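Coordinate-derived values only; no laboratory data. Not measured: the values here are computed from a predicted model. Note that each Cβ is placed from the backbone with ideal geometry, even for glycine, and that neighbours are counted across all protein chains shown.
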Amino acid sequence: MAHEHRKFICITCPRGCALDVTLEGEVVVQMEGNSCKRGIDYVTGELNDPRRMVTTTVRVRGGVHPLAPVYTESPIPKPRIFDLLAVIRKVELKAPVKIGDVVIENALGTGINILASRNIPVKSEAS
Amino acid sequence: MADKTYDVIIIGAGVVGSMVARFLSRYKLDILLIEKDSDIGMGASSANTAIVHAGYDPKPGTLKAEMNVLGNQMFDQLAGELNFSFERRGDYVVAIGPEEFTKLEGLRQQGLENGVPGMVIINGADVRRREPNINPEVSGALWATTGGICDPFGVVVAAAENAVVNGVTLMTDTAFQDFIVEGRRIVGIKTNRGDFNSRWVVNSAGLYCDEVMHKAGVRPEFKITPRKGEYYVFDKAEITINNVLFPVPSATSKGILVTTTVHGNTIIGPNALEIDDKEDRSITREGLDEIWQGALNLVPSLSLRYSIAEFAGLRPGGNAPCANLDVKYNKDYIIEIPKEVDGLVNLGGIESPGLTSSPAIAVRVVELLEGAGEKLEEKPDWNPIRRARPRFRDMLPTEQKLLVENDASYGRIICRCENVTEGEIVAEIHAPIPARTYDAIKRRTWLGTGRCQGGFDTPRVVEILARELGVSPLEISKKGKGSEFLVRPTKDKEAE
Amino acid sequence: MLKERYDVIVIGAGPAGLAAAIEAKKTGAQDVLVVERAQELGGILQQCIHNGFGLLIFKKDMPGPAYAQHFIDELAGLHIDTLLDAMALNVTSERHVYATSRTSGFLELDTRALVLAMGCRERTRAQIALPGTRPAGVYTAGTAQRFVNIEGFMPGKRFVILGSGDIGMIMARRLTFEGAKVERVLEIMPFLTGLTRNYVQCLLDYDIPLQLQHTVKRIIGNDRVEAIESVQIDKQRQPIPGTEEIIPCDTLLLSVGLIPENELSRKAGVSLDPVTGGPFVDEKMQTNVPGIFAAGNVVHVYDLVDWVTQAGLLCGRNAAQYAIAERKHHGRRVKMKAGDNVRYVVPHVLDKESLAESAQRLQMRVTLPIEEPVWVEVMNGEERVTRKTELYVRPGEMVNIDIPQSAYDAVQRASELSVRVVRR
């Protein structure tokens, strides 16, 4: 089987290694440029099931801010990112929001929850 | 449409229009002041060097020279009555090298001819002592003790506000379109917001004064050619110049200055570039390089690293010959009641030193009206005093403490670099001339003019403006319609 | 309720300030106060809703607010005072702090140790002298981030971003997520200035073009940005004629660098390094002014928040130790005060332990002459510590008195001693 050469930039950590990968089909047969073994996992993931963490915001009613930041509990499939954003855009929470609150359970059937990443206390009448 | 007839309509609320309104507000007149922009002082008055010129520079015999010297003399009383920042700290025309020194005496003679008091030529050592940062090659300077610096926006706001408090009606976002004429008499004006009747119209339209007078058939040959001047502003914590330093002037320009401001910042500029577009206040690489080189000649130790702002202003330069035909000069001011029509007071070509001249021009307008048979009767209750609102930044800690105790909103700092408080912003929003845009607040409080240039305060000011005006933050603008800061909520259908 | 004197005051409640306050308290500082100009703790982390924080300290990939929340919660459990929506206006080299807020009013506070943790600010269009008009629609990336993530408003629809710093790239993705179009990221340098992984996951993933060695030649539009003109530059950073391109957009975001924010430091007499823009510090993160420490982006600009936290911890520990030593030292010191008919006393302060080694001489001048025998008395309130006789005293002749070693115990009880000259 013919070998294919491809380049990747690993995003697992801030170092951002530039990877030179030799592939046989979708199997990594050789890799250069990586500083640790996570590079191999990264490329394997990019080839078979690329995923990304998604961070965005949801609307909150009655809170000190009109939005609460949220994130995917674990990386979600890259092709589903904009579907997920569309779903999140429709959500409106009611203050108070607690860090770790599940905003959407099993988003898009991925088995991944969307969590709040901070507290949004109730806006007091006085302020 | 309008049934009401004003006694005087003033077109343009720059420093000249505002000053005319203020001096006319003394009399029993029904006055309307219109401004095409969202706020007063947004045209030629929006950007200048903030200097109250002594008057040695204009050509003797011109109206410019006369107004400059008379206006300068009025500033102490005016600042006292209107409570704007003004410091008569003198200015210096600095000669670098022996050849320039020989030109100082000529300049002094010209000043004497114009009636400028208190001019002294001092030697290089004296200049170095007074301004340690000066180019060590300095050979001497003409020291004009009557020169001064002021808050140029403060002057406009104070004058217009005093006029409004004394009964003048101000309409912003109101643009002159044409005169309404009966026979040879002007009886009113058309604007984008309707027609207004008036017995007199004052043309103080600044950069647009030529277009206004042409609509009345006056001086068809007169043309305003905007002359752009660019500036750098420096961080006051890093660079301190104590004085107003002019170079020896060239035939065409007063040259590039290095000067301090009443806010403590050093500024350099302006260059002088003739352009066509009356709204083109863009800054250019070439222009900035030019003023930088010019300024280095006076103060070689300046560093661009500490520049915190650049801006450009437009001088409304005209081509009117001097009324005294013996004086060969064709950039003079126009202050007249033209013969072609009745009911018009025509002001034109009021470029630098327009800020200095503005109170003298206003007095001249009063005299012209009287000369035209207008019976001006003083209002018994005219109040010449306009009180300044508190400025937290300028206070001692003990005074700040008292201010905050009295009104807690003065305890909340909104602009971190210039220490402008929420109380000051709210006071300007609800002042006799309400500040309704970010730039209007900036001009009045000096907020957002520091090293972070509004990065910190902008979201907070948008929020305060929206709250105080009772509108959505989406409606809050930088300088009027079309310059809104925000386009939609983050979470919005449009995002789909 | 705020105290008038603290062991440690921390200015700024971003990651550096939070860590410093927490560690100062844990090290044994009794009273710790954090002064923060925002309405909540956490600093800029609250608007950095993206992940990538905490890998070093928590071995976990956290969003910015979650990272901040960890320290906010820890701080809340430690009885540390906080002053929110408050601005520190001035700090003296004697660590006298002037601050003001809407809710607490105008305050003057003293502290034994001060931690400067004001962070940094963004470079503006003016600092890079960007030519063109001055319309609405030119924002630093951080200001836009605040509008989008906290205030809940979009500052534009079509964006060009100048600068490939991390905030710029992260905002490119963020704006794309919220339905805006990011036309271009321009970078004047021939290389990326932010992290490579942000290039991949913020730009490449969403097909946002990056142009290296390109800059904004001018901004176009009087009221609102209508377009920018970009231009390629050569190795000498000079524009290459013919490479100009008009890019229609309504917003220009700037991600062109951060500057440590040291205006307060300067007022306190702290010397700044012209290269970093931050204070000169020693290994304890102490500045040239004793008792004034600095941590985080106020010292130099970091690229990872975890390191900022670590700097804050180090700084907080040392600030607390300084305060504790100061407190102890202060307890050992007794002030000398001029009493009846005494104009001044030198020394002004006496270390109580000095009496363990030798008697201590006080020197003074009287205010008025007395031409008859007098007592020169050293008093602790109404308790006499020691006294001696002089046959007369005159302002022109200096008076000496020694505090003997036998007075050691009496002096230990005092916080202030006064010296008086009275008729016998």
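Please go through region B:415-449 and pick out each residue that is at the interface with another protein chain (Cβ under 9 Å from one of its Cβ atoms) and in a strand (DSSP E or B). Hit for region B:415-449 is B:THR421, nothing else.
Taking the stated definitions as given, is B:LEU486 surrounded by fewer than 21 Cβ atoms within 10 Å (Cβ to Cβ) and out of contact with any His (no Cβ under 8 Å at 6 or more places or on another chain)? Criteria not met by B:LEU486. Of everything in region B:224-240 that is among the hydrophobic types (A, V, I, L, M, F, W, C) and in a strand (DSSP E or B), the residue that is nearest to the chain's Cα centre (by Cα) is B:VAL233. Taking the conditions exactly as written (surrounded by 13 or more Cβ atoms within 10 Å (Cβ to Cβ), touching a Cys at 6+ places or on another chain (Cβ under 9 Å) and over 25 Å from A:ASN106 (Cβ atoms)), does A:GLY39 satisfy them or not? So A:GLY39 fits the description; yes. Of all residues in region B:121-146, those that are at negative phi and among the aromatic types (Phe, Trp, Tyr) have Cβ atoms under 8 Å from Cβ atoms of residues that are surrounded by 15 or more Cβ atoms within 10 Å (Cβ to Cβ) and assigned to a strand (DSSP E or B), 6 or more apart or on another chain, in B:TRP143/B:ASP91; B:TRP143/B:TYR92; B:TRP143/B:MET119; B:TRP143/B:ILE121; B:TRP143/B:ILE122. Against the conditions (1) of a type in the set (Ser, Thr, Tyr); (2) within 13 Å of another protein chain (Cβ to nearest Cβ); (3) more than 30 Å from A:THR56 (Cβ to Cβ), C:THR140 satisfies every one except (3).
Just the residues that are under 44 Å from the mean Cα position of the chain (by Cα) and in a strand (DSSP E or B), please, taken from region C:377-390. Within region C:377-390, C:VAL378, C:MET379, C:ASN380 meet the criteria. Taking the conditions exactly as written (within 11 Å of another protein chain (Cβ to nearest Cβ) and without any contact (Cβ under 8 Å) to a residue 40 or more places away in the chain), does C:PHE153 satisfy them or not? Answer is yes for this residue. Out of the residues in region A:5-37 that are in contact (Cβ under 8 Å) with a residue 24 or more places away in the chain and more than 12 Å from chain C (Cβ to nearest Cβ), state the one that is farthest from C:ASP303 (Cα to Cα). Per the stated criteria, the residue is A:GLY25. Only one of the numbered conditions (1) over 30 Å from B:GLU310 (Cβ atoms); (2) within 8 Å of another protein chain (Cβ to nearest Cβ) is violated by B:LYS481, and that is (1). Counting the residues of region C:30-59 that are in contact with a strand residue (DSSP E or B) (Cβ under 9 Å, 6 or more places away or on another chain) and of a type in the set (Lys, Arg) gives 1. The combined condition, being farther than 22 Å from C:LEU192 by Cα and surrounded by 21 or more Cβ atoms within 10 Å (Cβ to Cβ), is fulfilled by C:ASP250. If the condition is being among the polar types (S, T, N, Q) and surrounded by fewer than 24 Cβ atoms within 10 Å (Cβ to Cβ), then region C:146-187 contributes only C:THR176. Within region B:281-304, take every residue that is surrounded by fewer than 15 Cβ atoms within 10 Å (Cβ to Cβ) and more than 7 Å from every other protein chain (Cβ to nearest Cβ) and give me the one that is nearest to C:VAL216 (Cα to Cα). Here the residue is B:GLU286. Name every residue in region C:139-171 that is assigned to a helix (DSSP H, G or I), in contact with a strand residue (DSSP E or B) (Cβ under 8 Å, 6 or more places away or on another chain) and within 18 Å of A:VAL70 (Cα to Cα), in order of residue number. Those that are assigned to a helix (DSSP H, G or I), in contact with a strand residue (DSSP E or B) (Cβ under 8 Å, 6 or more places away or on another chain) and within 18 Å of A:VAL70 (Cα to Cα): C:PHE147, C:VAL148, C:ASN149, C:ILE150, C:MET171. The single residue among C:CYS202, C:CYS249 that is hydrophobic (A, V, I, L, M, F, W, C) and out of contact with any Phe, Trp or Tyr (no Cβ under 9 Å at 6 or more places or on another chain) turns out to be C:CYS202. Which of the residues that make up region C:366-405 are loosely packed, with under 12 Cβ neighbours inside 10 Å and touching a helix residue (DSSP H, G or I) at 6+ places or on another chain (Cβ under 9 Å)? Matches in region C:366-405: C:GLU383 only.
Taken over region B:9-37, residues that are more than 14 Å from B:LYS379 (Cβ to Cβ) and assigned to a strand (DSSP E or B) amount to 6. The residues on offer are B:SER307, B:SER352, and the sole one that is more than 13 Å from chain C (Cβ to nearest Cβ) and surrounded by 17 or more Cβ atoms within 10 Å (Cβ to Cβ) is B:SER352. Here A:THR72 fulfils each of the conditions (1) surrounded by 14 or more Cβ atoms within 10 Å (Cβ to Cβ); (2) more than 21 Å from C:ASN149 (Cβ to Cβ) apart from (2).
Apart from one condition, C:GLU94 fits all of (1) more than 30 Å from A:VAL122 (Cβ to Cβ); (2) out of contact with any Phe, Trp or Tyr (no Cβ under 9 Å at 6 or more places or on another chain); (3) touching a residue at least 40 places away in the same chain (Cβ under 8 Å); the exception is (3). Mind checking which residues of region B:261-280 are more than 14 Å from every other protein chain (Cβ to nearest Cβ), within 18 Å of the chain's Cα centre (by Cα) and surrounded by fewer than 22 Cβ atoms within 10 Å (Cβ to Cβ)? Answer for region B:261-280, where residues must be more than 14 Å from every other protein chain (Cβ to nearest Cβ), within 18 Å of the chain's Cα centre (by Cα) and surrounded by fewer than 22 Cβ atoms within 10 Å (Cβ to Cβ): B:VAL262, B:HIS263, B:ALA272.
Count of region A:48-66 residues, restricted to those that are basic (Lys, Arg), more than 8 Å from every other protein chain (Cβ to nearest Cβ) and in contact with an Asp or Glu (Cβ under 8 Å, 6 or more places away or on another chain), is 1. The residues of region B:315-356 that are among the acidic types (Asp, Glu) and within 24 Å of the chain's Cα centre (by Cα), listed by number, are B:ASP332, B:GLU336, B:GLU351. Filtering region C:329-376 to residues that are assigned to a strand (DSSP E or B) and either touching a residue at least 60 places away in the same chain (Cβ under 8 Å) or within 25 Å of C:ALA113 (Cβ to Cβ) (or both) leaves C:ARG333, C:VAL334, C:LYS335, C:MET336, C:LYS337, C:ALA338, C:VAL342, C:VAL345, C:VAL349, C:LEU350, C:ASP351. The residues in region C:99-131 that are touching a Cys at 6+ places or on another chain (Cβ under 7 Å) and part of a loop (DSSP other than H, G, I, E, B) can be counted, and the count is 1.
Somewhere in region C:103-124, is a residue basic (Lys, Arg), surrounded by fewer than 23 Cβ atoms within 10 Å (Cβ to Cβ) and more than 22 Å from C:ALA16 (Cα to Cα)? Looking through region C:103-124, none of the residues is basic (Lys, Arg), surrounded by fewer than 23 Cβ atoms within 10 Å (Cβ to Cβ) and more than 22 Å from C:ALA16 (Cα to Cα). Scanning region C:100-129 for residues that are more than 8 Å from every other protein chain (Cβ to nearest Cβ), of a type in the set (A, V, I, L, M, F, W, C) and more than 13 Å from the chain's Cα centre (by Cα) turns up C:LEU107, C:LEU109, C:ILE128.
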